[in-house]
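Pasting a structure here, questions to come.
The values are calculated or read from the model by the stated rules, or taken from the named source; none is laboratory data. Predicted, not measured: the structure shown is a model, and the values here were computed from it. Note that we place each Cβ from the backbone using ideal geometry, even for glycine, and neighbour counts take in every protein chain shown. With ligands, DNA and RNA removed, areas are computed over all heavy atoms of the protein, side chains included. Shrake-Rupley method; radii C 1.70, N 1.55, O 1.52, S 1.80 Å.
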Amino acid sequence: MFYWGHSGAQKKTSPTEKRIREVMQQAYNQFKSSSGGANASYIPYLANIDPELFGIAICTADGKVLELGDTKYEFGIESISKVFVLALAMQQRGAKAVEDSIGVNATGMPFNSVMAVELDPHRAVNPLVNAGAMATNSFIRAPNSAAKWAMIDDMMAKFASRRLSVIQQLYASETATNLHNRAIAWLLYSYGRFYGDVSESVDLYTRACSYGSSTRDLAIMAGTLANNGVNPVSREKVIDAVLCPRILATMITEGLYDNTGSWVYHTGLPAKSGVGGGIIAVAPGKMAIAVFAPPLDKSGNSVKAQKALQYIIDELKLNLFSQG
Ligand SMILES: NC(=O)CC[C@H](N)C(=O)O
């Protein structure tokens, strides 16, 4: 007689706190002095951040936050903000509307690609690349720009369980150099795939990318996605549970841009990077891991964060496609 669940593979359980701490420490020691990559230089502010900074934070689905290294240092959240602005758009407009109006396929191209827009017959782009993120911003309904910013700010605060602040110098630095993003937004607009005032949406997008967030903040924000939309620290419901798998799906298709396939091949987890040097990875129902180290690879993903995350995910057996 064969009983489901009583023979063969065991259901994977969450690792203990002791084991998590052990593995974090190993990853920290192993990669602390590893070199490779360079700070983002196309945004002048980011070029000047100390490249040696390194932080690892884990937030478990039951609300424990474990930290190692420079986890309180606030750096530019950059593209990681796209995940949470997408969450706001989905909560307001629904997952189907986002799929139809923005797109959810992988572009397989750099984060600021114009070709990604040109090649798709419907001009669909993923909400986690610049084009899609700016369109997602334009897709949020609000009476005016200040009201929309307040909605974004509230959503970020709920995910982080504290109010985040924009790094004004970074915002100024990005605003002065975001001509390419403005061009992408106008291109989408010309195709009828932009849903609000172009300059206003680009500005709000740029401002959201300029939030300062610590590695600890990012772990808690991602921890909310690991915990079905309920912030594991504040216990507040942030978004509907049904949206979490959809958001994580965009991360697993596009989270590390043109390097996403390789990332998923090695880790089997949804993740999102930002050119500020942060990366979040989510193991649904178990935990979220955030790592920060500024030097980036050619795709704009932190070199050291990828290495540390891969090590931790492997050691804690978090790969979604592995059965033990
Ligand atoms: N990949 C990123 O983090 C890019 C974000 C950055 N603000 C930009 O628009 O270029």
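For a quick check, take a GNM of the chain with Cα springs below 10 Å and name the residue from 210, 262, 273 with the largest mean-square fluctuation.
Comparing 210, 262, 273 in a Gaussian network model of the chain, the most mobile one is 262.
Would you work out the relative contact order for the range 17-315, in percent, from Cα pairs under 8 angstrom that are 6 or more residues apart? Walk me through the numbers before you get to the answer.
On the way: 640 pairs, mean separation 86.6, N = 299.
Here the relative contact order equals 29 percent.
Pulled fully out, how much extra length does the chain show between residue 199 and residue 100, if you take 0.36 nm times their separation in residues and subtract their Cα-Cα distance?
On the way: separation 99, 0.36 × 99 = 35.64 nm, distance 2.29 nm.
Stretched out fully, the residue 199 to residue 100 stretch lengthens by 33.3 nm.
Quote the accessible area belonging to residue 313 in square angstrom, nearest 10, computed with a 1.4 Å probe and with ligands, DNA and RNA left uncounted.
It works out to around 0 Å².
From the backbone phi of the range 94-105, what are the Karplus-calculated ³J(HN,Hα) couplings (6.51 cos²θ - 1.76 cosθ + 1.60, θ = phi - 60°) in whole Hz, Gly and Pro given as x?
x, 5, 5, 4, 5, 4, 6, 8, 10, x, 9, 7
Let me ask you something else. Protein chains only, probe 1.4 Å: how do 216, 123 rank by accessible area, largest first?
Largest accessible area first, the residues go 216, 123.
Can you run phi through the Karplus equation (6.51, -1.76, 1.60; θ = phi - 60°) for the range 261-276 and list ³J(HN,Hα) in whole Hz, with x for Gly and Pro?
x, 5, 4, 5, 4, 8, 10, x, 9, x, 8, 8, 10, x, 6, x
Also, I was wondering about something else. Which ³J(HN,Hα) values in Hz, rounded to whole numbers, follow from the phi angles of the range 170-178 under the Karplus curve 6.51 cos²θ - 1.76 cosθ + 1.60, where θ = phi - 60° and Gly and Pro get x?
Using θ = phi - 60°, the values come out as 5, 4, 5, 5, 6, 4, 6, 10, 9 Hz.
Straight-line reach from residue 317: which aspartates and glutamates have a Cα under 20 Å away, not including same-chain ones fewer than 8 places off?
Of all the aspartates and glutamates, those that pass the test against residue 317 - Cα under 20 Å, at least 8 places apart if same chain - are 17, 22, 62, 67.
If you don't mind, another one. Under the Kirkwood approximation applied to all pairs of distinct alpha-carbon atoms, what is the hydrodynamic radius of the range 199-324 in Å? Don't jump to the answer; show the numbers that get you there.
Details: mean 1/r = 0.0671 Å⁻¹.
When all Cα pairs of the range 199-324 are included, the Kirkwood radius is 14.9 Å.
Considering the dipole of the range 59-141 built from charges on the beta carbon (Lys and Arg +1, Asp and Glu -1) around the Cα centre, which of 66, 89, 124 is farthest to its positive end?
Most positive-ward Cα: 89.
How much accessible area per residue does the chain have, counting only protein heavy atoms and a probe of 1.4 Å, in square angstrom?
Averaged over the residues of the chain, the accessible area is 42 Å².
Where Lys and Arg each count +1 and Asp and Glu each count -1, what net charge lies around residue 76 among other residues with Cβ under 15 Å from its Cβ?
That works out to -3.
Just how far, in whole angstrom, is the range 191-251 from the range 97-155 if you go by their alpha carbon centroids?
12 Å
Considering amide H positions built from the backbone, and no H for Pro or chain starts, which residues 5 or more places from residue 111, or on another chain, come under 5 Å of its amide H?
Residues meeting the criterion, in which the H sits 1.01 Å from N, are 258.
For 265, 45, 257, 195, write out the residues from largest to smallest accessible area, computed with a 1.4 angstrom probe and no ligands counted.
Details: 265 185, 45 50, 257 5, 195 80 Å².
So, going from the largest accessible area down, we get 265, 195, 45, 257.
Taking the range 157-234 as the region of interest, what is the percent of Cα-Cα pairs per 10 angstrom bin, listed from the shortest bin to the one with the maximum distance?
Once binned at 10 Å, the Cα pair distances of the range 157-234 give 18, 34, 29, 19, 0.
If I model a spin label as a point 7 Å beyond the Cα along the Cα-Cβ vector, how far apart are those points for residue 38 and residue 18 in nm?
4.7 nm
Extension gain residue 47-residue 266, at 0.36 nm per residue separation less the Cα-Cα distance, in nm?
Extra length from residue 47 to residue 266 when fully extended: 76.0 nm.
Turning to a different aspect of this structure: What length, rounded to one decimal in nm, is gained on full extension from residue 141 through to residue 119, with 0.36 nm per residue of separation minus their alpha-carbon distance?
5.1 nm is the gain from fully extending residue 141 to residue 119.
Could you sort 198, 303 by accessible area so the largest value comes first, with the probe set to 1.4 Å?
303, 198
With only Lys, Arg, Asp and Glu charged, each at its Cβ (+1 for the first two, -1 for the last two), find how big the charge dipole of the range 264-324 is about the Cα centre; round to the nearest 20 debye.
60 debye
For each pair in 148/298; 18/286; 72/148, compute the distance between the two Cα atoms and list the pairs where it is over 26 Å. Don't jump to the answer; show the numbers that get you there.
Values: 148/298 33 Å; 18/286 15 Å; 72/148 28 Å.
From the list (148/298; 18/286; 72/148), the Cα-Cα distance tops 26 Å for 148/298; 72/148.
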